Amino acid sequence: MPKDKRAGRRVRNSIVWGVVAVVVATAALVAVMIGRAASADEGPFAGAQLYVYPDSAAAKAVKTSTGDAKTAAKQLAAQPTAIWLLPERFPTATVGRTVDGIVQQAASTGRMPVFVVYGIPQRDCGNQSAGGTASADYQDWVGEIAGALKDHKVAVIMEPDAVALAPDCGNQAERMSQLKQATKQLTAAGADVYLDGGHSTWRPASEMATLLREAGIDDARGFATNVSNYNATDSELHYAAQLSELLGGKPFVIDTSRNGSGSNGDWCNPAGRTVGAEPLSVTAPHLDANLWIKAPGESDGECGGGPQAGVWWPQRASELAQGFSAW
């Protein structure tokens with residue numbers, strides 16, 4: 001073969017192998033990028049340990065109870081449960097300092113706190129958990145929380161019942177605007193926000209999806225279901241999967257704090273209920289985590305013989321704690 005043809009073949013081979021090398025390298029880079037994207041989409045709870053709040057009602061009850069009530073309080077206090085922020089307990093002037101102290105303590109122990117923001121004006125439409133801020137103060141109150149959360153790994157459950165109740169409270173447009181703005185504030189601070197999405201026996205998924213869009217779900221990490229309710233986990237997973245599909249695959253969290261015996265159809269202090277699956281123990285498509293959002297042992301309101309909403313109720317706490325035997 002002439003010398004110039006052999007040289008030409010060597011050049012062509014070099015080009016081909018060079019192209020192959022580039023393709024392989026590009027494929028490897030794409031694979032790494034996809035792997036990183038997949039890891040990033042595992043959600044905020046992947047590999048996390050949840051923070052146990054030492055000033056919870058259950059923890060305080062341990063110090064004041066005796067006998068079976070003390071045992072139940074101890075068991076409940078040991079579980080990582082969401083920390084509820086209400087303006088009645090933590091007003092605008094102090095909520096920032098309070099939240100900052102909590103996130104600093106959680107960070108020092110390598111654990112992740114979960115907060116519930118529960119201060120929207122006309123909260124609960126004036127029912128058992130009536131209260132909230134004045135309309136003019138709401139965003140300032142949320143802003144104090146957002147400032148304290150900044151640069152910390154936290155999850156926020158946003159205003160339980162507020163979205164599902166919006167059509168019934170007579171101020172839907174105003175409420176949705178408030179939720180949207182508050183969600184943006186918290187997300188901008190780096191929090192993973194879950195708007196409350198009701199539960200499986202409330203509004204149909206199609207209706208709830210429309211409401212969540214109006215409330216700003218596009219700016220949130222996802223949504224939460226079964227907060228402060230008792231519906232079985234399987235029912236909630238089915239409902240949440242439907243809702244997630246309608247919302248383009250949005251992830252969700254489920255409250256399993258008191259659903260160990262399922263629901264008897266009563267939402268307010270039903271008897272015979274038990275704690276459900278421990279936090280971070282359930283897996284399913286699009287499920288970021290099962291959490292204890294409502295604190296077991298705290299009353300739903302003055303119904304079924306209970307004290308005011310949020311007040312520790314030793315009798316119910318002892319009933320709920322019987323569910324630990326199923327673990």
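Selection of region 87-104 for residues being under 14 Å from ASP55 (Cβ atoms) and touching a Phe, Trp or Tyr at 6+ places or on another chain (Cβ under 8 Å) yields THR98, VAL99, ILE102.
Listed by first and then second residue, the pairs with beta-carbon distance under 7 Å, at least 6 apart or on different chains, first residue in region 91-108 and buried (at least 18 other Cβ atoms within 10 Å of the Cβ), second assigned to a helix (DSSP H, G or I) and of a type in the set (S, T, N, Q), form an empty list. Restricting GLY198, GLY170 to residues that are over 20 Å from LEU85 (Cα atoms) and in a loop (DSSP other than H, G, I, E, B) narrows the list to GLY170.
Every test in (1) in a loop (DSSP other than H, G, I, E, B); (2) within 26 Å of ARG175 (Cα to Cα) is passed by ALA241 save one, and that test is (1). May I ask you to verify whether MET176 is closer than 18 Å to GLU245 by Cα and either part of a helix (DSSP H, G or I) or modelled with pLDDT under 95 (or both)? It is false that MET176 is closer than 18 Å to GLU245 by Cα and either part of a helix (DSSP H, G or I) or modelled with pLDDT under 95 (or both). Could you tell me whether region 265-277 includes any residue that is touching a Gly at 6+ places or on another chain (Cβ under 6 Å), within 25 Å of PRO87 (Cα to Cα) and assigned by TED's automatic domain parsing to the domain that holds VAL156? Among the residues of region 265-277, at least one is touching a Gly at 6+ places or on another chain (Cβ under 6 Å), within 25 Å of PRO87 (Cα to Cα) and assigned by TED's automatic domain parsing to the domain that holds VAL156, which makes the answer yes.
For LEU165, the requirement of being in contact with an Asp or Glu (Cβ under 9 Å, 6 or more places away or on another chain), in the same structural domain as ALA107 (by TED's automatic domain parsing) and either crowded, with 19+ Cβ neighbours inside 10 Å or not in a loop (DSSP other than H, G, I, E, B) (or both) is met. Any residue at all in region 253-262 that is of a type outside the set (Asp, Glu), within 21 Å of ARG203 (Cβ to Cβ), modelled with pLDDT of 95 or more and not in a loop (DSSP other than H, G, I, E, B)? Yes; the residues of region 253-262 include at least one that is of a type outside the set (Asp, Glu), within 21 Å of ARG203 (Cβ to Cβ), modelled with pLDDT of 95 or more and not in a loop (DSSP other than H, G, I, E, B). None of GLN178, GLN185, GLN172 is surrounded by fewer than 18 Cβ atoms within 10 Å (Cβ to Cβ) and either free of Cβ contacts under 8 Å to residues at least 60 places away in the same chain or not aromatic (Phe, Trp, Tyr) (or both) except GLN172.
Do any helices (runs of 4 or more DSSP H) lying entirely in region 1-105 carry at least 2 residues that are modelled with pLDDT of 95 or more and among the aliphatic types (A, V, I, L, M), and which ones are they? Break it down into steps so the answer makes sense when it comes.
Details: elements: 3-40, 57-64, 67-77.
In region 1-105, 57-64, 67-77 are the helices (runs of 4 or more DSSP H) which contain 2 or more residues that are modelled with pLDDT of 95 or more and among the aliphatic types (A, V, I, L, M).
Going by the structure shown, is GLY248 farther than 29 Å from ALA191 by Cβ and over 15 Å from the mean Cα position of the chain (by Cα)?
No: the conditions fail for GLY248.
Here is the figure for region 199-225: residues that are among the polar types (S, T, N, Q), over 17 Å from VAL116 (Cβ atoms) and either in contact (Cβ under 8 Å) with a residue 24 or more places away in the chain or not assigned by TED's automatic domain parsing to the domain that holds LEU237 (or both) total 3. You will find that of ASP288, ASP234, the residue that is under 15 Å from the mean Cα position of the chain (by Cα), closer than 26 Å to PRO204 by Cβ, of a type outside the set (Ser, Thr, Tyr) and not in a loop (DSSP other than H, G, I, E, B) is ASP288 and no other. Scanning region 120-140 for residues that are buried (at least 17 other Cβ atoms within 10 Å of the Cβ), touching a Phe, Trp or Tyr at 6+ places or on another chain (Cβ under 7 Å) and part of a helix (DSSP H, G or I) turns up nothing. SER257: among the small types (Gly, Ala, Ser), under 24 Å from GLU159 (Cβ atoms) and either over 18 Å from the mean Cα position of the chain (by Cα) or assigned by TED's automatic domain parsing to the domain that holds ALA155 (or both), yes or no? Yes. Counting only residues that are buried (at least 20 other Cβ atoms within 10 Å of the Cβ) and either farther than 24 Å from GLN75 by Cβ or outside the structural domain of LYS294 (by TED's automatic domain parsing) (or both), region 238-254 holds 8 of them.
Which of the residues that make up region 204-228 are in a loop (DSSP other than H, G, I, E, B) and surrounded by fewer than 18 Cβ atoms within 10 Å (Cβ to Cβ)? Across region 204-228, the qualifying residue is only PRO204. Cβ-Cβ contacts under 7 Å between residues 6 or more apart (or on different chains), taken from a first residue in region 56-76 that is free of Cβ contacts under 8 Å to residues at least 24 places away in the same chain to a second residue that is among the aliphatic types (A, V, I, L, M), are listed as ALA59/ALA77; VAL62/ALA73; VAL62/ALA77; LYS70/VAL62; LYS74/VAL62.
The values are calculated or read from the model by the stated rules, or taken from the named source; none is laboratory data. Just so we're clear, the structure is a prediction, and the values are computed from it rather than from any experiment. With ideal geometry, Cβ positions are generated from the backbone for all residues, glycine too; neighbour counts draw on all protein chains shown.
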